[in-house]
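Structure first, commentary second.
The values are calculated or read from the model by the stated rules, or taken from the named source; none is laboratory data. Only a predicted model underlies this, so the values are computations on that prediction, with no experimental measurement involved. Here the Cβ positions follow ideal geometry from the backbone for every residue, glycine too, while neighbour counts run over all protein chains shown. For accessibility, only protein heavy atoms count, side chains too; no ligands or nucleic acids. Shrake-Rupley method; radii C 1.70, N 1.55, O 1.52, S 1.80 Å.
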Amino acid sequence: MYFAFSFRYMMIRFTQCLCCLLFAINSLYAQSPKREFRGAWIASVANIDWPSKPGLAAGDQQKEFTDRLDQLKSLGFNAVIVQVRPAADALYPSALEPWSHYLTGCNGCPPLPYYDPLEFMVNEAHKRNMEFHAWFNPFRALLDSKKNPNPASHVTHRHPGWIINYGGKAYIDPGIPEARAYVISVITDVVKRYDIDAVHLDDYFYPYRVAGASFGDGKSYNTYGRGTDKEDWRRGNVNDFIEKLNKGIKAVKPYMKLGISPFGIWRNKTKDVNGSDTRGGQTDYDDLYADVVLWMGKGWIDYVMPQLYWEHASHAAPFGVLLPWWYGHCFRRQVYYGLGLYRMADAKSGPWSKAGELLWQFRDIRSQCPNTGYAVFSASSFDKMSTAIQDSLRYGYAKYPALIPTMPWLDSIAPAPPTLTVALHGNAACLSWKVNNPHHEKLRYAVYRFVNREPVDLDRPDRILSVQQDTIYTDAAASRMNKPIYVVTALDRMWNESKPSNKVELKK
């Protein structure tokens, strides 16, 4: 009887241990998806993130940027969203708009020594196999409408009839067709001249409402409104802008992504049965005149990145309510989630004073919204908090590399698989490969290693050794591996992955 009891006890313990092991394995995979957008906003307005202050020497600007990229890369990020046009100005040489004083310390003055910051930033991001999303604020003209140190080339001087002062700021009137066309031309100019991966717009279309003030677009409404409801007319203006912008950039580069980062509430359910169960004081549809759901349904944008800067316990806009709502209203377009990292920077108490809330949000995204991702606002917030979040990313949630989700409506054709050769040099395995690339596509490569003759499974991000542009790789740990097998895949600029190369087992 004792032995029977012991056997039953051992079986129960074995079953419990097996369940724990399976749970740990499943948790590992849940925490390490093969595809996930991991982005960080880098804001230039008011020198929030980069450069740290106006007028830095070019070399200091460059070092600050590459240091930031290296930090983000070490934390598992695979994309940066960099603000290149904060207020109808430019962080790049432009014939249309003046240099930004946030970069040079002087409106209209180039950096010294001279260089092209946007070209530099794109190249450095791509060296690290990170996507570069060029972030434009479309209609903001001045952050302070009472001060205008811009040169004569600035839109406020060239087209004063387009400018509306509101809430202490100045805006380009979205109700004027020529003004909308001008903004599109500015963005399209960047698409033509730079190897960016996406055009990114933030939440400022019509400005947020200011209590007791009305947006002064009466003149353009009288000219172009043609008796329609004014709020519908405003939404129509923004719809027209988004549709034409999408067509314009894709006429230049069909693969160019267009992403929008709207305010996190499209509409409250109290106003629209299709809205979210929230109590937001302002919404995209009713206040910013941004019908983001329409844009996704029409296929005018490629990804949406709602700014979900609230905690789970928020009364007005709970994170746990908005996360599945956006996932359920993306119309098979990609959805990534904007997370309020900045809220942790100065929090002394409450849900944002510890790492738990943000990590909870990471877990929810991965468990409830597969094949999506996140972006954090903003990059410099990491410098203002403890290392807990960084350690959680570096050693936990982003321990393994992730490929950016594909967009099959733009491109679904994968490149040809490479042909792999492996040789043992000392204790290291030296891999090299070739690939048939007749159209000279810009390719990256994923290097996988499997051990103990386990099956080749490309869904295992923990088996990816490297994502790189070079066609050679050295595995210095090869001699410590038992029967390692290597394969390589090719990835195009849209992250379509080829079939695996030939398998090569290292013979010791």
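The single condition from (1) outside any loop (DSSP other than H, G, I, E, B); (2) open to solvent by 10 Å² or more (accessible area, probe 1.4 Å) that Leu112 fails is (1).
In the stretch 411-433, what residues are more than 19 Å from Ile485 (Cβ to Cβ) and either within 31 Å of the chain's Cα centre (by Cα) or acidic (Asp, Glu) (or both)?
Asp411, Ser412, Ile413, Ala414, Pro415, Ala416
Residue count for the stretch 464-508 satisfying the condition of being under 16 Å from Asn427 (Cα atoms), aliphatic (A, V, I, L, M) and part of a loop (DSSP other than H, G, I, E, B): 4. Residue-level check: of (1) touching a Leu at 6+ places or on another chain (Cβ under 7 Å); (2) modelled with pLDDT of 95 or more; (3) more than 18 Å from Glu131 (Cβ to Cβ), Ile389 misses just (2).
Within the stretch 249-261, restricting attention to residues that are open to solvent by 20 Å² or more (accessible area, probe 1.4 Å) and not in a loop (DSSP other than H, G, I, E, B), the residue that is nearest to Val321 (Cα to Cα) is Lys250. I'd like to check something: does the stretch 211-228 contain any residue that is in contact with a Lys or Arg (Cβ under 9 Å, 6 or more places away or on another chain) and closer than 21 Å to Gly264 by Cα? Among the residues of the stretch 211-228, not one is in contact with a Lys or Arg (Cβ under 9 Å, 6 or more places away or on another chain) and closer than 21 Å to Gly264 by Cα, which makes the answer no. Residues of the stretch 262-296 being in contact (Cβ under 8 Å) with a residue 40 or more places away in the chain, within 15 Å of Trp310 (Cα to Cα) and in a loop (DSSP other than H, G, I, E, B), which ones? The answer is Pro262, Gly264, Ile265, Trp266, Asp277, Thr278, Gln282.
Pairs are defined by a Cβ separation below 6 Å, a sequence spacing of at least 6 or placement on different chains, a first member in the stretch 495-506 that is surrounded by fewer than 18 Cβ atoms within 10 Å (Cβ to Cβ), and a second member that is of a type in the set (D, E, K, R); no pair meets this definition. In this entry, Pro401 passes the filter for residues that are out of contact with any Lys or Arg (no Cβ under 8 Å at 6 or more places or on another chain), surrounded by 15 or more Cβ atoms within 10 Å (Cβ to Cβ) and part of a loop (DSSP other than H, G, I, E, B).
Residues checked against (1) open to solvent by 50 Å² or more (accessible area, probe 1.4 Å); (2) closer than 13 Å to Asn502 by Cα:
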site	(1), (2)
Val451	no, no
Arg460	no, no
Ile464	no, no
Val467	no, no
Ala476	yes, no
Arg480	yes, no
Pro484	no, no
Val487	no, yes
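With the requirement that a residue be open to solvent by less than 10 Å² (accessible area, probe 1.4 Å), assigned to a helix (DSSP H, G or I) and in contact (Cβ under 8 Å) with a residue 60 or more places away in the chain, what does the stretch 62-95 give you? Listed by number, the residues that qualify are Leu69, Leu72. No other residue among Ser220, Ser214 is open to solvent by less than 70 Å² (accessible area, probe 1.4 Å) and among the small types (Gly, Ala, Ser) apart from Ser220.
Condition test on Val186, is it open to solvent by less than 20 Å² (accessible area, probe 1.4 Å), closer than 18 Å to Gly108 by Cα and either in a loop (DSSP other than H, G, I, E, B) or in contact (Cβ under 8 Å) with a residue 40 or more places away in the chain (or both)? The answer is yes for Val186. Between Ala345, Ala355, Ala375, Ala317, the distinction of being in contact with a helix residue (DSSP H, G or I) (Cβ under 6 Å, 6 or more places away or on another chain) and under 24 Å from Phe263 (Cβ atoms) belongs to Ala345 only.
What do you reckon, is Asn239 more than 22 Å from the chain's Cα centre (by Cα) and either open to solvent by 10 Å² or more (accessible area, probe 1.4 Å) or of a type in the set (Phe, Trp, Tyr) (or both)? Considered against the rule, which asks whether it is more than 22 Å from the chain's Cα centre (by Cα) and either open to solvent by 10 Å² or more (accessible area, probe 1.4 Å) or of a type in the set (Phe, Trp, Tyr) (or both), Asn239 comes out as yes. Per the listing Thr156, Thr228, the residue uniquely β-branched (Val, Ile, Thr) and either more than 32 Å from the chain's Cα centre (by Cα) or assigned to a strand (DSSP E or B) (or both) is Thr228.
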